[in-house]
1. Where residues in the range B:122-144 are within 7 Å of chain A (Cβ to nearest Cβ) and in a loop (DSSP other than H, G, I, E, B), which of them is surrounded by the fewest Cβ atoms within 10 Å (Cβ to Cβ)?
2. Any chance you could count how many residues in the range A:265-296 are crowded, with 21+ Cβ neighbours inside 10 Å, in a helix (DSSP H, G or I) and among the polar types (S, T, N, Q)?
3. So which residues in the range A:34-46 are within 12 Å of chain B (Cβ to nearest Cβ), part of a loop (DSSP other than H, G, I, E, B) and surrounded by fewer than 20 Cβ atoms within 10 Å (Cβ to Cβ), if there are any at all?
4. Check the range A:87-109 and report whether any residue there is surrounded by 13 or more Cβ atoms within 10 Å (Cβ to Cβ), assigned to a helix (DSSP H, G or I) and either in contact with a Leu (Cβ under 6 Å, 6 or more places away or on another chain) or of a type in the set (Lys, Arg) (or both).
5. Among the residues of the range B:6-23, is any facing chain A (nearest Cβ under 8 Å), within 22 Å of the chain's Cα centre (by Cα) and surrounded by fewer than 20 Cβ atoms within 10 Å (Cβ to Cβ)?
6. Would you check which residues across the range A:91-125 are within 19 Å of the chain's Cα centre (by Cα), over 18 Å from residue B:21 (Cβ atoms) and more than 7 Å from chain B (Cβ to nearest Cβ) and list them?
7. Check whether at least one residue in the range A:168-180 is surrounded by fewer than 16 Cβ atoms within 10 Å (Cβ to Cβ), assigned to a helix (DSSP H, G or I) and under 20 Å from the mean Cα position of the chain (by Cα), and report yes or no.
8. Here is a list: A:16, A:21, A:57. Which entry is in the same structural domain as residue A:277 (by TED's automatic domain parsing) and either touching a His at 6+ places or on another chain (Cβ under 7 Å) or not charged (D, E, K, R) (or both)?
Amino acid sequence: MMGNTVAKKAGFRLFLFSVPLLIAVFVFAYLPLYGWSYAFFDYHAGMNLKDTEFVGLKFFKSMVDNPISRSEILRVLSNTFGMSFLNILVSPLPAIFALFLMEIRSKHLRNLVQTLTTLPNFVSWVIVYSIAWSMFSVEDGFMNHFLLSAGLINTPINFLASSNHVWLTMLMYSQWKTIGWTAIMYIAAITSIDTEQYEAARVDGANRFQCMWHITVPGMLPTYFVLLLLSIANFLNTGMEQYYMFSNPMNKNSIEVLDLYVYNMGMVGQNISYSTAVGVLKSFVSITLLFFANGMSKVIRKESIL
Amino acid sequence: MKKRNVKSVSFNVINTLVFLIITFMCVFPFYYIFINTISNNKLSSSGKILFYPRQIHFNNYAEVLKLRGIGLAALISALRTILGTSLTLLGSSFLGYAFSKPEYWKRKLWYRFVIISMYFSAGLIPWFVTMRAIGMYDNFLAYILPSMISPFYVILFKTYVEQMSPSLEESVQIDGGGYAVRFFNIILPLSTPILATIAVFSCAGQWNAFLDTLFLVKSQKLFTLQYILYQYLNQANALAALMRTSQTSNANIAALNLLTPTSVRMTISFVVVLPILFVYPFLQRYFVKGIMIGAIKG
């Protein structure tokens, strides 16, 4: 009883120590929720919120009622869905990468490949953009210079300004950046597979490819499943950095994802209330997706991902 | 048996070859940028430098560092990396430690309070409006304060402390040391592996950050290297004008290797990426350790 109260007091003291940190979490993560109120007022930059007119759900309705915003919303949603879907479609690639990498016999070569292919994950999107420029632009691009000097083309190709295949190009850049890094998680899964399984399979006469298919692949499945659920939960959260870097007047229509649209409308276009309303809706859909993915995980893996 | 071996060997050859090509694709762009920054600028801007450098010189680096804003931006980037990482280390590890104590007041509630913030965001505009209202607009603190508590690092540290033997801490508890004494004297020195992992992640994040400058910073004196590079990549005209002024004043030294838009873009890019290239091979194991713990937790 005595010890209990002492521990309780100590626990409260520990809580007091951490209060400044909890306040920081509150201010940067929770306080912005107050800003949702802007979605319900006709707010313009420079005004006080209390001087503005309460308009209820006007901005939410205008996303559907106003034909211009409706087509805009549909456009950015299809961009977001399209690119997120492509990302999910190629999600087995890092697993395949890991599967085949582990088949390289030399440990040194394996480590070298792993180190060098994870490097792109640690450079910023500005650098990726700069690299894309250095590789593909008309002025500096390696590709154009190489093809020209090899006599394969006569005029440089403007890869970067092209509005064709924007979704695919974006997919290629993000795969280039992340594939080696994501593969590490699968490599962790592969190395934790019990080696006795392989030995037993060898004794039973299984060849190398049968071992890969019947032991390694199932060993990676749980990891694949978790990552798949997380990418479903983040279906709308594409972020805007990559798309902001690569967007130009030529490709804007097919590169503008929801996050970038909110930025363009709210911070560039100063439609504060409207873009807040779009953001609020997005938050709700994201939370729903998260709970959905978590529910799936609980049913299938008997474990939550949160 | 023989047939199987042929199959296996040819698989090995093709497999290795494919991975060498992938690795080449990951590394070559950095190499290409580098050889262009040290080659004769006339040759590099006319696309003559493809696989190896020619007429090597290091003028570009000297010239680029003289461009307006670059030195200050490098300082800002370095400062935010050092200060931001220190704050993150201190804040996130202390909170992780506190949450590892069962006696923490309403532990479950407060732990959830922190973790939920990882999955939920109010959205860009409400966040921006709030940041402006609390004085974070055009303020250096906006680079280092919001990242102080990262739920992911809190989890990492909490997990690490929970795996330690409690008897280590008890020795000081008996001597009457408080939580702060125990945290700084026992927990922190014993947690260097996880601290290193968090530090490495945080440094990379701070050095590479771009959007916070775009959203919150207006004055040039707070621009980071990433942001300046982005501007240089996009404003070819402004760039040319700027270079003309810098060239006339330095005409005597730069007679042979005048800055060109190509050389400026590539040299700044390489300056920006150099710290990463330099430390990455040595710290890669910490990154890997971090993602492994994250994978198990996630």
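1. This residue is B:134.
2. 3
3. Once the filter is applied, which keeps residues that are within 12 Å of chain B (Cβ to nearest Cβ), part of a loop (DSSP other than H, G, I, E, B) and surrounded by fewer than 20 Cβ atoms within 10 Å (Cβ to Cβ), the range A:34-46 yields A:45, A:46.
4. no
5. The answer is yes; a qualifying residue exists.
6. Within the range A:91-125, A:91, A:92, A:95, A:121 meet the criteria.
7. yes
8. Criteria check complete, one pass: A:57.
The values are calculated or read from the model by the stated rules, or taken from the named source; none is laboratory data. Being a predicted model, the structure only gives us computed values, none of them experimental. FYI the Cβ positions are ideal-geometry reconstructions off the backbone, even for glycines, and counts take in every protein chain you see.
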